[in-house]
Amino acid sequence: MKAAARLFLVALVTAALGVAGLYAMGVRPADLAHWGEDRNALVIEGEKVRIPPITGTPERLAPAVIAETSGEWKLREVTEGGAVLHDPCIPIRWAISTDRMPLGADEVVHEAVAEVAARTGLVWESVGYSGAPAVFDREPLVKQVKWRWAPVVIGWSTEGESADLAGRTSGVGGPMVTRGAYGTDEYLRSGTVLLDLADFPDDLSNEADRATAKALVMHELGHVVGLDHVDDMSELMFPSVTSTVEWGPGDLAGLASAGAGQCEQP
């Protein structure tokens, strides 16, 4: 083998080993594009965990929804830079907590998630069931072979166990807010929906009770995708339980806007 060829082979092997070493240290192609810039991180159980970078070319997973109605709606997280929304280029992973789950409630939850997905243009990816109770005090990242965004968890509790359900509160829901892998842009990630067992309808075979239960879940999922309460009683995002069990015109406009966020760039 000629000397030049041997040198080229050595350089190639060295480069490959270097790339493998960087990968083992958690360095990804996106990091090379941001060379000299620290990747944002979270501290989880005392460990510094860098936020997963975007890979590939970001594209919406589903078409944006065009609002065809108007009415009262409001977003919860609005900063000087604009609204903080979910990234429409990555799926919202979600799970149902089986801890004291009412009989038949999982079907209602699936229907409610499908409603929110259709009205926002955000893709929801079910990861099944979890035996752990739904709680708000948890981390936005979980390690499953590698670190990834935690799923939205939908579950049930009581006023005695959760102060969030005190008084006449039938449910609470909301997302977490974190930065992307680089820069200062923020996004909604993960989230929790906690439903009061005392207020959740017992007979889901009854059409009216089933509609009420589904409306309650839809309302709290509305918070997870970024909607706030409104003063119009005809909207499902009104803060108290009413006879309204379907999205109102303002709800629909708000959900379309909640799904119109920007994709995080690599």
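The values are calculated or read from the model by the stated rules, or taken from the named source; none is laboratory data. Since the model is a prediction, treat every value here as computed from it, not as a measurement. FYI the Cβ positions are ideal-geometry reconstructions off the backbone, even for glycines, and counts take in every protein chain you see.
Tallying residues that are over 14 Å from Ile51 (Cα atoms) and either part of a loop (DSSP other than H, G, I, E, B) or charged (D, E, K, R) (or both) within region 146-193 yields 12. Is there a residue being part of a helix (DSSP H, G or I) and either modelled with pLDDT under 95 or closer than 25 Å to Ser257 by Cβ (or both) anywhere in region 63-75? No; the residues of region 63-75 include none that is part of a helix (DSSP H, G or I) and either modelled with pLDDT under 95 or closer than 25 Å to Ser257 by Cβ (or both). Scanning region 204-244 for residues being farther than 22 Å from Ala117 by Cα, out of contact with any Ser or Thr (no Cβ under 7 Å at 6 or more places or on another chain), assigned to a loop (DSSP other than H, G, I, E, B) and not hydroxyl-bearing (Ser, Thr, Tyr) gives a total of 4.
Residue-wise test of (1) touching a residue at least 24 places away in the same chain (Cβ under 8 Å); (2) under 22 Å from the mean Cα position of the chain (by Cα); (3) surrounded by fewer than 24 Cβ atoms within 10 Å (Cβ to Cβ).
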| residue | (1), (2), (3) |
| --- | --- |
| Ser205 | yes, no, yes |
| Ala208 | no, no, yes |
| Ala213 | yes, yes, no |
| Glu220 | yes, yes, yes |
| Val225 | yes, yes, no |
| Asp232 | yes, no, yes |
| Met237 | yes, yes, no |
| Ser240 | yes, no, yes |
| Val245 | yes, no, yes |
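Table: residues versus (1) at negative phi; (2) among the aliphatic types (A, V, I, L, M); (3) assigned to a strand (DSSP E or B); (4) modelled with pLDDT under 80.
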| site | (1), (2), (3), (4) |
| --- | --- |
| Phe8 | yes, no, no, yes |
| Asp38 | yes, no, no, no |
| Val43 | yes, yes, yes, no |
| Val49 | yes, yes, yes, no |
| Asp87 | yes, no, no, no |
| Asp106 | yes, no, no, no |
| Ala117 | yes, yes, no, no |
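All conditions but one from (1) closer than 21 Å to Ser190 by Cα; (2) in contact with a helix residue (DSSP H, G or I) (Cβ under 8 Å, 6 or more places away or on another chain); (3) surrounded by 14 or more Cβ atoms within 10 Å (Cβ to Cβ) apply to Gly71; the one that does not is (1). For region 125-142, a residue qualifies if it is in contact (Cβ under 8 Å) with a residue 60 or more places away in the chain and in a strand (DSSP E or B), and exactly one does: Leu141. Scanning region 51-98 for residues that are of a type in the set (Lys, Arg) and within 26 Å of Pro239 (Cβ to Cβ) yields Lys74, Arg76. Of all residues in region 230-266, those satisfying the criterion of being closer than 16 Å to Val84 by Cα and not aliphatic (A, V, I, L, M) are Gly254, Ser257, Gly259, Gly261, Gln262, Cys263, Glu264, Gln265.
The single residue among Thr69, Thr98 that is in the same structural domain as Gly222 (by TED's automatic domain parsing), of a type in the set (S, T, N, Q) and either in contact (Cβ under 8 Å) with a residue 12 or more places away in the chain or in contact with a Pro (Cβ under 7 Å, 6 or more places away or on another chain) (or both) turns out to be Thr98. Within region 45-65, residues that are closer than 21 Å to Thr184 by Cα and not assigned by TED's automatic domain parsing to the domain that holds Asp185 sit with their Cβ atoms under 7 Å from residues that are among the small types (Gly, Ala, Ser) and surrounded by fewer than 16 Cβ atoms within 10 Å (Cβ to Cβ), at 6+ positions apart or across chains, in these pairs: Lys48/Ala41; Val49/Ala41; Arg50/Gly26; Arg50/Ala41; Ile51/Ala41. For region 142-196: of the residues being under 16 Å from the mean Cα position of the chain (by Cα) and hydroxyl-bearing (Ser, Thr, Tyr), which is surrounded by the fewest Cβ atoms within 10 Å (Cβ to Cβ)? The residue in question is Thr178.
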